[in-house]
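The values are calculated or read from the model by the stated rules, or taken from the named source; none is laboratory data. Only a predicted model underlies this, so the values are computations on that prediction, with no experimental measurement involved. For neighbour counting, all protein chains shown are included, and Cβ atoms are generated from backbone atoms with ideal geometry for every residue, glycine included.
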Amino acid sequence: MTTAQTISPDVDNGVNVAALIDAREALEAAPEAAQFKWRATCEWVNGTHSRSTVEGFFGLGEEQSRGKTFTVEADHPEVFAAEDNAATPVEIVLSGLASCLTAGVAAVAQHRGIQLRSVKATIEGDMDLQGILGIDDEVRNGFGTIRVNFDIDADASEDDLKALVAQSQKRSAVFDIVTNPTNVFVTVG
Amino acid sequence: MRTATTVIIGAGQSGLAFSKELADRSIDHVLIERGEVANSWRKERWDSLQLLTPNWQSRLPGYAYRGIDPDGYMTMPAVTRFLQDYAAHIGAPVETGTTVSSVTASESGYRIVTNRGEWRCATLVLANGACNVAVVPKVAEGLPPAVTSLTPMQYRNPDQLEDGGVMVVGASATGIQLAQEIQAAGRQVTLSVGEHVRVPRLYRGRDIKWWMDATGVMDMHYTEVDDVKRARRVPSLQLVGSLERATLDLNTLSRNGVEVVGRLAGLRDGRAQFSGSLKNLCALADLKMNRLLDGIDEWVSKAGRESEFEPAHRFAPTRVDSDPPLGKDLTDGSVKTVIWATGYRPDYSWLHVPVLDRKGRIRHDGGVALDAPGLYVMGLPFLRRRKSSFLDGAGDDARDLADHLSAGLRRAAA
Ligand SMILES: Cc1cc2nc3c(=O)[nH]c(=O)nc-3n(C[C@H](O)[C@H](O)[C@H](O)COP(=O)(O)OP(=O)(O)OC[C@H]3O[C@@H](n4cnc5c(N)ncnc54)[C@H](O)[C@@H]3O)c2cc1C
């Protein structure tokens, strides 16, 4: 009576579930290989404008080079007297969360044999600026609450879609990063 | 030094059921038990505990509950008596007061060292229980020294607790039962909720355990389930055995004044940090409960038995505060005790046979230990079936594994 997690050949969400399952088995047998390090470097451009570069990462026991680099720019909007060259860092965090959950929805749907036609996540975070501006010590800097809404078009019941989204949260790295504390060490030099 | 063809470590239901199966096959054996029969039920449970499985479901090979209240739930003295009577009924050869301190492989089997001498055997059954040790998560290290830390194995009743608030970590069977009892005793309880499995006590007029038995959920075999590793980690159902046959879920607990918070994610500078994932964990549990109920309804309608049961219905979703607290100060004196209802594990510290994986779990295939001929394990979650860790599951597993064991002996003799 559990939902059958079949790998259905007619369903194609562009996710290679067989490869993911193989990877899971391989990494379970060799947990050292499961130790990854993700990296970015960020350079100040001007004002609140900065540019991060993402290239290699460590995983499967060695340095992994992608042979290409990605850049992510960040800035602040004009109401902060900035130039608004790019999204704010907090909007990038929201995008990260939405992307992670969306990718999860596709992977879980593939695994459960659900063909997706469209998936759209809308995300919003509440922030009381009295925190970052140092007006009120009791207000935190970060988001008070974050809300995500999924609009999914697929051949599946409402409960199946809710289960998809719930399972995606359960397995999401960014959801965990946002909902749980993490030790952060910042050094200079 | 004494010898037996088979030594069984532990005289709970697992060891006793195995003993009965061996006796039926005329295989000479002994049960080594550090306490008395049913030691775990006598010594390691809190005072008010009643089984969460109904009386009729206490079934062992050649034995079953025969009292006047098949739908009731046994107290600890009642389970103890039940198992004691069973041991007498089958004439189980139990060596009580005998603690195993070491097991090693020998040329012809296994060597068992106890406080009362040594045993040698060709085949060995580990029936020492899946719940020997309460698991306390690593975050507990951050608990301020003024707060008392207790495990469910140390907890007996609310009177034992220092006056003041109590934080119960974990909301499976143990956690919700302790939260309920301690809140009812007039203490403010904070319940930290991680992954959990919500079920109603009664559905369509029958015990949920009756449904899970009738529809075959409990008999599901470990080779049939999608992801057996995951199935073996599923936490216990949110259930309590009581006279009222009442459902105990997070909605009931919050109605009774328990403060429901997210999974304990950290303890830092005297502050407990709760995960923001509470809403999702509750949604997952509600969806999973509804899938179970859907399966039951389907089974009823396929069997054409609608008229026998009350109509199908669904339960109110778990209510979660729109803004559940993300932290709690543990230094302001409001919380005096933390109880770790975060699960149990077996103790194999005395087992010096290379059968453990890197997390200290026995490597086995349905109870047959891997790379250790003649070694068996009983009573672990989903060992062979979903019911393996329950009173009702010992019988079928013992029969299967005794078949395997005796076939091995015949091969060795041939
Ligand atoms: C709080 C709680 C509530 C539960 N409620 C239910 C319920 O309602 N219904 C249900 O069906 N199941 C329930 N269970 C699950 C299960 O039935 C019990 O855990 C049960 O005790 C398991 O039986 P067992 O024979 O496998 O192990 P145990 O009953 O634990 O027996 C193992 C025996 O081995 C002995 N032993 C251990 N180590 C050694 C050693 N080194 N040397 C000698 N002897 C040793 C112990 O003293 C013990 O007597 C519950 C479990 C817990 C923890």
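Go through the residues of segment B:150-170 one by one and say whether even a single one is assigned to a strand (DSSP E or B) and surrounded by fewer than 16 Cβ atoms within 10 Å (Cβ to Cβ). Walk me through it before giving the result.
From segment B:150-170, those assigned to a strand (DSSP E or B) are B:150, B:165-169; that's our starting set.
Then keep just the ones that are surrounded by fewer than 16 Cβ atoms within 10 Å (Cβ to Cβ); that gives none.
Scanning segment B:150-170, I find no residue that is assigned to a strand (DSSP E or B) and surrounded by fewer than 16 Cβ atoms within 10 Å (Cβ to Cβ), so the answer is no.
Could you count how many residues in segment B:86-108 are touching a strand residue (DSSP E or B) at 6+ places or on another chain (Cβ under 8 Å) and either of a type in the set (Asp, Glu) or not in a helix (DSSP H, G or I) (or both)?
Of the residues in segment B:86-108, the ones touching a strand residue (DSSP E or B) at 6+ places or on another chain (Cβ under 8 Å) are B:86-87, B:89-90, B:92-95, B:98-106, B:108.
From the residues that got through so far, the ones that are either of a type in the set (Asp, Glu) or not in a helix (DSSP H, G or I) (or both) too are B:92-95, B:98-106, B:108.
Within segment B:86-108, residues that are touching a strand residue (DSSP E or B) at 6+ places or on another chain (Cβ under 8 Å) and either of a type in the set (Asp, Glu) or not in a helix (DSSP H, G or I) (or both) number 14.
Residues in segment B:172-182: is at least one surrounded by fewer than 17 Cβ atoms within 10 Å (Cβ to Cβ) and touching a strand residue (DSSP E or B) at 6+ places or on another chain (Cβ under 6 Å)? Reasoning before the result, please.
Step one: filter segment B:172-182 for residues surrounded by fewer than 17 Cβ atoms within 10 Å (Cβ to Cβ), giving none.
For segment B:172-182, residues surrounded by fewer than 17 Cβ atoms within 10 Å (Cβ to Cβ) and touching a strand residue (DSSP E or B) at 6+ places or on another chain (Cβ under 6 Å): absent.
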- Looking at (1) more than 10 Å from chain B (Cβ to nearest Cβ); (2) surrounded by 11 or more Cβ atoms within 10 Å (Cβ to Cβ), which is the only condition A:GLY134 fails? (2)
- Of A:LEU20, A:LEU27, which residue is at pLDDT below 90, within 14 Å of chain B (Cβ to nearest Cβ) and closer than 24 Å to B:ARG363 by Cβ? A:LEU27
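Yes/no matrix, rows are residues, columns are (1) more than 12 Å from chain A (Cβ to nearest Cβ); (2) among the hydroxyl-bearing types (Ser, Thr, Tyr); (3) out of contact with any Pro (no Cβ under 8 Å at 6 or more places or on another chain):
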position: B:ALA272; (1), (2), (3): no, no, yes
position: B:ASP286; (1), (2), (3): no, no, no
position: B:LEU292; (1), (2), (3): no, no, yes
position: B:ASP297; (1), (2), (3): no, no, yes
position: B:ALA303; (1), (2), (3): yes, no, yes
position: B:GLU306; (1), (2), (3): yes, no, yes
position: B:ALA312; (1), (2), (3): yes, no, yes
position: B:THR318; (1), (2), (3): yes, yes, yes
- Message: Filter segment A:145-170 down to the residues that are within 22 Å of B:LEU264 (Cα to Cα) and either modelled with pLDDT of 95 or more or out of contact with any Gly (no Cβ under 8 Å at 6 or more places or on another chain) (or both) and list them by number.
- Response: A:ILE146, A:ARG147, A:ALA166, A:GLN167, A:SER168, A:GLN169, A:LYS170
- Task: Please enumerate the residues belonging to segment B:173-207 that are in contact with a Leu (Cβ under 7 Å, 6 or more places away or on another chain), within 24 Å of B:ALA394 (Cα to Cα) and either free of Cβ contacts under 8 Å to residues at least 40 places away in the same chain or not in a loop (DSSP other than H, G, I, E, B) (or both).
- Result: B:ALA173, B:VAL197
- Note on the structure: Result of the Cβ filter at 8 Å on segment B:116-142, keeping first residues that are closer than 15 Å to B:TYR344 by Cα and partners that are within 10 Å of the ligand (Cβ to nearest atom) and of a type in the set (D, E, K, R), at least 6 apart or interchain, is B:ASN128/B:ASP347; B:CYS131/B:GLU44; B:ASN132/B:ASP347; B:VAL133/B:ASP347
- Query: For residues in segment B:129-146 being near the ligand (Cβ under 10 Å from one of its atoms) and in a loop (DSSP other than H, G, I, E, B), which is farthest from B:ASP332 (Cα to Cα)?
  - Reply: B:GLY129
- Can you name the strands (runs of 3 or more DSSP E) wholly within segment B:259-303 that have at least 3 residues being of a type in the set (A, V, I, L, M) and in the same structural domain as B:SER172 (by TED's automatic domain parsing)? B:264-268
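Specify which of the listed residues (A:GLU73, A:GLU91, A:GLU124, A:GLU55) is under 19 Å from the mean Cα position of the chain (by Cα), charged (D, E, K, R) and within 30 Å of A:LEU27 (Cα to Cα). Don't jump to the end; show me each part of the working.
Working: A:GLU73 fails: within 30 Å of A:LEU27 (Cα to Cα); A:GLU91 fails: within 30 Å of A:LEU27 (Cα to Cα); A:GLU124 fails: within 30 Å of A:LEU27 (Cα to Cα).
Step by step, each of A:GLU73, A:GLU91, A:GLU124, A:GLU55 is checked, and only A:GLU55 is under 19 Å from the mean Cα position of the chain (by Cα), charged (D, E, K, R) and within 30 Å of A:LEU27 (Cα to Cα).
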- Item | Subset of segment B:50-74 that is within 11 Å of the ligand (Cβ to nearest atom) and not in a loop (DSSP other than H, G, I, E, B) - its residue that is farthest from B:SER242 (Cα to Cα) | B:LEU60
- Query: When you look at A:VAL72, is it under 23 Å from A:VAL174 (Cβ atoms), assigned to a helix (DSSP H, G or I) and touching a residue at least 12 places away in the same chain (Cβ under 8 Å), yes or no?
  - Reply: no
- Task: Name the residue, out of A:VAL119, A:VAL93, A:VAL108, that is part of a strand (DSSP E or B) and more than 10 Å from every other protein chain (Cβ to nearest Cβ).
- Result: A:VAL119
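Inside segment B:152-169, can you point out the residues that are out of contact with any Pro (no Cβ under 8 Å at 6 or more places or on another chain) and within 22 Å of B:THR331 (Cβ to Cβ)?
B:LEU161, B:GLU162, B:ASP163, B:GLY164, B:GLY165, B:VAL166, B:MET167, B:VAL168
I want to confirm something. Restricting to segment B:214-223 and keeping residues that are more than 10 Å from chain A (Cβ to nearest Cβ) and assigned to a loop (DSSP other than H, G, I, E, B), which single residue is surrounded by the most Cβ atoms within 10 Å (Cβ to Cβ)? Spell out the reasoning first.
To start, the set of residues in segment B:214-223 that are more than 10 Å from chain A (Cβ to nearest Cβ) comprises B:214, B:218-219, B:221-223.
Cutting the leftovers down to assigned to a loop (DSSP other than H, G, I, E, B) gives us B:218-219, B:222-223.
Values: B:MET218: 19, B:ASP219: 15, B:TYR222: 17, B:THR223: 9.
The selected residue is B:MET218.
Conditions (1) within 11 Å of chain B (Cβ to nearest Cβ); (2) surrounded by fewer than 13 Cβ atoms within 10 Å (Cβ to Cβ), marked per residue:
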site: A:THR145; (1), (2): yes, yes
site: A:ILE152; (1), (2): no, no
site: A:GLU158; (1), (2): yes, yes
site: A:LYS162; (1), (2): yes, no
site: A:VAL165; (1), (2): yes, no
site: A:SER168; (1), (2): yes, no
site: A:VAL174; (1), (2): no, no
- Item | B:ALA246 away from every other protein chain (no Cβ under 14 Å) and in contact (Cβ under 8 Å) with a residue 40 or more places away in the chain | yes
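Look at A:ASP84 and say whether it is surrounded by fewer than 20 Cβ atoms within 10 Å (Cβ to Cβ) and at positive phi. Even if it seems obvious, please write down each step before you answer.
Details: surrounded by fewer than 20 Cβ atoms within 10 Å (Cβ to Cβ): yes; at positive phi: yes.
For A:ASP84, the condition - surrounded by fewer than 20 Cβ atoms within 10 Å (Cβ to Cβ) and at positive phi - is met.
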- Counted residues in segment B:8-49 being more than 7 Å from the ligand (Cβ to nearest atom), assigned to a strand (DSSP E or B) and out of contact with any helix residue (DSSP H, G or I) (no Cβ under 8 Å at 6 or more places or on another chain) come to 1
- Task: Hey, can you tell me all the residues within segment A:9-29 that are exposed (fewer than 12 other Cβ atoms within 10 Å of the Cβ) and touching a residue at least 12 places away in the same chain (Cβ under 8 Å)?
- Result: A:ASP10, A:ASP12, A:GLY14
- Task: Looking at (1) within 14 Å of chain A (Cβ to nearest Cβ); (2) of a type in the set (Gly, Ala, Ser); (3) more than 23 Å from A:ARG171 (Cβ to Cβ); (4) in contact (Cβ under 8 Å) with a residue 24 or more places away in the chain, find the lone condition where B:ALA231 falls short.
- Result: (3)
- Query: If a residue has to be facing chain B (nearest Cβ under 10 Å) and among the hydrophobic types (A, V, I, L, M, F, W, C) to count, how many in segment A:176-186 make the cut?
  - Reply: 1
